[in-house]
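Read through the structure below, which is laid out as structure tokens, and then see the notes.
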Amino acid sequence: MPSSYRGGAGRVLALAGLSGLVAVTGVAFYGLIGFSGQVADPGTLQDPYFYGILGFSLKQAALSAGLSVLLGYPVARALYYLPGLWFRRTFLTLCLLCFVLPTLVLITGLVLLLGHSGRLAPLLGADWNLYGLKGILLAHVFLNLPFVVRALYLQLLHIPDTAWRLALQLGLPALTRWRLVEWPMVRGRLLVLGGFVFVLCFNSFAVVLALGGGPQATTLELAVYQALKYDFNLPEALTLAWVQFAIAGTLFVLLGRLGGSSWLVLEQGGDRVPVPGRWSRLGHGGVYLLCALFLLLPLLVLLPALADIPASLRLAPLLQALLNSFLLALACVIPATLLAWLLLWPQRLAQLQQRPRRRQLLEWLSTHTLAAPAMVLSVGWYVFVLPRLDLAQWGPVLVVLLNLVLTLPFALQQLRPRLLQFDAQYAPLCAGLKLAWPERLALEWRWLGGSLRAAFALVLLLAMGDVAVFALFGNEAWTTLPWLIYRYAATYRMQEAALASLLLLVVCGVLVWLLEQGRDGGA
Amino acid sequence: MGVLELDRVRIAREDWALEYDFQLESGAILTLQGRSGAGKTTLLLLVAGFEAPDSGDIRWQGHSLLPLPVAQRPVSMLFQDHNLFEHISVWRNLGLGMGRQRTRSWEQAVRDGAEALGIGTLLGRMPATLSGGQRQRVALLRTLLRPEPLVLLDEPFVGMDPQTHALAGEWVRARAKAGGKTVLLVTHHAQDRALGDRNRVLGV
């Protein structure tokens with residue numbers, strides 16, 4: 001029934017929204033292209049310093065992605081094959097929390113655990129050093145392994161019961177079962193996940209800012225920031241930003257061709273999974289335990305900070321920073337969620353009209369900010385607004401705007417599957433009933449239910465954790481909690497950093513819990 | 001001259017082609033039977049506007065329906081499945097698509113119809129808690145209460161026991177006649193021929 005669905009006014013609005021989104025990137029590029037007489041400096045590309053940075057960016061991203069996928073796969077298998085695992089549901093929630101955890105909370109935890117005077121430092125030997133590649137990898141694996149675990153576990157749940165029934169009935173040995181049933185299911189996913197984690201780590205900012213340093217451990221993202229903020233070397237910043245965008249953009253397009261990711265949503269299923277033998281049960285259990293330990297330790301290490309609160313600590317700035325973070329995130333989350341809903345309209349229409357290419361194009365356009373590194377967008381805007389606006393005055397607006405476009409893809413991912421499902425079931429009915437717009441919206445609102453709450457919570461979390469955008473446009477007058485943590489940590493006030501991190505962790509924990517609740521209610 | 005005319009309507013896909021050419025008078029009930037694949041559902045989808053014919057014309061009161069999108073055709077259709085939104089109550093489902101006629105008299109008509117169909121006590125429930133036959137009766141009630149003059153029913157009695165089936169059949173006929181509706185009714189039960197003023201067997 002290709003031609004029977006029409007867009008109406010909603011489509012015009014949605015296309016206007018999409019144009020606005022593209023314009024935000026466009027302005028960043030306009031800035032990057034060097035409007036104000038500043039041109040990119042190709043000389044930078046001949047500098048060995050540049051190649052050092054580029055090489056390190058690629059190396060750490062590749063290692064982070066490889067490790068996350070390699071270590072995540074066994075954990076996902078453990079979850080799948082041992083449905084009776086203790087705290088399984090909680091563990092999956094923890095995984096989600098780790099993925100959206102504000103980076104600086106993690107970094108504080110890692111420093112308290114593995115830093116020079118960390119709790120585990122005595123066990124690590126004299127030449128252990130958290131700063132540099134090791135620390136960056138640890139942090140990246142901590143942030144991304146849980147994401148891989150959840151995504152792969154979900155993928156395993158998609159193995160049809162009938163496949164297992166058949167395999168068991170045929171009496172296939174374990175290895176053959178793996179080769180015939182499991183591997184074909186996860187094979188493609190591993191590649192996509194690896195690529196996705198690679199892009200995330202390639203664009204990672206806060207981790208490298210805090211744990212990197214020196215030319216041996218600097219990424220492009222950080223180098224752009226340093227060139228801009230410390231050296232005020234616009235041409236160099238522009239060149240680096242261009243290179244960064246070119247690489248990340250190419251990867252993103254390649255990934256898009258491999259297939260999208262619908263990763264955060266957990267489903268039920270898999271009742272006929274073969275029961276593993278005693279030894280492999282032990283193995284699965286061990287893997288699960290190790291992973292839980294790895295994820296919990298950097299968070300639990302924050303707790304003792306409560307025991308001795310330094311006298312110098314003032315609660316007011318902490319709460320003020322939390323309030324600032326929250327208000328900025330809130331200002332971003334409402335338009336982001338509504339915009340996501342709106343932008344999905346033409347995509348759903350294209351799906352109904354069976355125009356897959358059009359749908360893909362719209363999908364790519366609406367999520368393209370996933371590829372544009374935060375720093376590239378920020379730098380573009382920074383260069384653009386610098387001669388035009390007073391940053392001290394317009395800073396908050398710009399922080400909200402840029403976080404909005406950066407978190408939008410996540411809101412889209414939350415709402416898309418649910419709305420596509422709505423259309424698949426009810427598009428003929430809606431058309432047949434001749435529902436008016438308000439009626440239609442009310443129906444979808446109720447249908448979205450939990451997904452809407454989930455999108456809301458996710459965007460709120462990501463926006464609250466922002467460091468990259470704030471680093472450029474923010475200032476002390478309205479500092480956010482993550483930035484406050486960074487400042488404490490940078491001045492070696494670890495007690496304060498730990499307490500601030502704990503506060504942020506608790507807030508995020510509550511939000512993640514709400515997000516998971518929302519999902520349960522959304523069925 | 002009929003109020004609904006299918007004028008040498010032809011639709012072809014990769015491996016099949018169907019043709020329809022008939023007229024139906026205003027207020028008449030036509031039952032449609034035939035093997036699976038004979039094109040019963042396709043006919044309804046064509047009239048409702050979910051499918052477009054390759055050639056020929058479909059006219060209602062002398063005007064071609066083909067240029068009109070689904071939402072502008074004078075049609076109320078019952079699908080084979082997905083007739084109810086699962087996330088809202090039966091009562092709210094019944095209120096959808098009623099246009100401007102949602103008044104006190106409409107409420108009374110819903111309650112009367114629900115009583116007649118034996119689903120009077122189910123109005124506050126969620127669709128998922130209903131049996132297949134009950135859901136079908138809820139959908140049937142809404143389809144016939146809507147103001148549209150042309151009613152398309154695709155296997156409306158699926159999932160009903162023989163007694164309910166007979167009851168629902170009688171109700172459909174009475175309600176259609178009272179409302180002056182023109183009805184196309186697809187069925188695979190021979191007994192439903194009695195509900196129609198005319199009967200057609202497709203694909204012979």
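Annotations for the structure displayed:
- A count restricted to the range B:43-70 and to residues that are in contact with a Pro (Cβ under 7 Å, 6 or more places away or on another chain) and either touching a residue at least 60 places away in the same chain (Cβ under 8 Å) or exposed (fewer than 14 other Cβ atoms within 10 Å of the Cβ) (or both) stands at 1.
- Among the criteria (1) at pLDDT below 85; (2) surrounded by 12 or more Cβ atoms within 10 Å (Cβ to Cβ); (3) outside the structural domain of A:Leu168 (by TED's automatic domain parsing), the one A:Pro317 does not fulfil is (1).
Each row is one residue, and each column tells you yes or no for (1) on the phi > 0 side of the Ramachandran plot; (2) assigned by TED's automatic domain parsing to the domain that holds A:Val207; (3) out of contact with any Asp or Glu (no Cβ under 7 Å at 6 or more places or on another chain); (4) among the small types (Gly, Ala, Ser).
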position	(1), (2), (3), (4)
A:Trp364	no, no, yes, no
A:Met375	no, no, no, no
A:Val397	no, no, yes, no
A:Ala411	no, no, yes, yes
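- Any hit, the range B:139-156, residues being buried (at least 22 other Cβ atoms within 10 Å of the Cβ), part of a helix (DSSP H, G or I) and of a type in the set (Ser, Thr, Tyr): yes
- Criterion: surrounded by fewer than 22 Cβ atoms within 10 Å (Cβ to Cβ), in contact (Cβ under 8 Å) with a residue 60 or more places away in the chain and more than 16 Å from A:Leu21 (Cα to Cα) - qualifying residue of A:Leu342, A:Leu328, A:Leu322: A:Leu322
- Here the condition is being of a type in the set (Asp, Glu), at pLDDT below 80 and touching a Leu at 6+ places or on another chain (Cβ under 9 Å); of A:Glu236, A:Glu267, it holds for A:Glu267 alone.
- Subset tally (residues that are within 14 Å of B:Leu150 (Cβ to Cβ), within 11 Å of another protein chain (Cβ to nearest Cβ) and assigned to a loop (DSSP other than H, G, I, E, B)) for the range B:51-73: 2
- Checked against the criterion of being touching a Leu at 6+ places or on another chain (Cβ under 6 Å), touching a residue at least 12 places away in the same chain (Cβ under 8 Å) and surrounded by fewer than 22 Cβ atoms within 10 Å (Cβ to Cβ), the candidates A:Ala427, A:Ala392 yield just one match: A:Ala427.
- Filtering A:Ala477, A:Ala463, A:Ala431 for residues that are more than 17 Å from A:Leu344 (Cα to Cα), over 28 Å from the mean Cα position of the chain (by Cα) and part of a helix (DSSP H, G or I) leaves a single hit, A:Ala431.
- Residue in the range A:148-163 that is under 24 Å from A:Leu254 (Cβ atoms), among the polar types (S, T, N, Q) and outside any loop (DSSP other than H, G, I, E, B) present: yes
- Across the range A:427-465, the number of residues qualifying as of a type in the set (Lys, Arg) and more than 9 Å from chain B (Cβ to nearest Cβ) comes to 2.
- Those residues of the range B:31-42 which are away from chain A (no Cβ under 14 Å) and either surrounded by 19 or more Cβ atoms within 10 Å (Cβ to Cβ) or in contact with a helix residue (DSSP H, G or I) (Cβ under 9 Å, 6 or more places away or on another chain) (or both), in sequence order: B:Thr31, B:Leu32, B:Gln33, B:Gly34, B:Gly39, B:Lys40
- Residues satisfying the stated conditions in the range B:15-42, i.e. part of a strand (DSSP E or B), among the β-branched types (Val, Ile, Thr) and without any contact (Cβ under 8 Å) to a residue 40 or more places away in the chain: none
- Residue among B:Gly27, B:Gly34 that is more than 24 Å from B:Arg175 (Cβ to Cβ) and within 18 Å of the chain's Cα centre (by Cα): B:Gly34
- Checking B:Ser105 against (1) modelled with pLDDT under 90; (2) buried (at least 21 other Cβ atoms within 10 Å of the Cβ); (3) more than 13 Å from chain A (Cβ to nearest Cβ), the condition it does not meet: (2)
The values are calculated or read from the model by the stated rules, or taken from the named source; none is laboratory data. Just so it is clear, the structure is predicted and the values come from calculations on it, not from any experiment. Backbone-built Cβ (ideal geometry, glycine too); neighbour counts: all protein chains shown.
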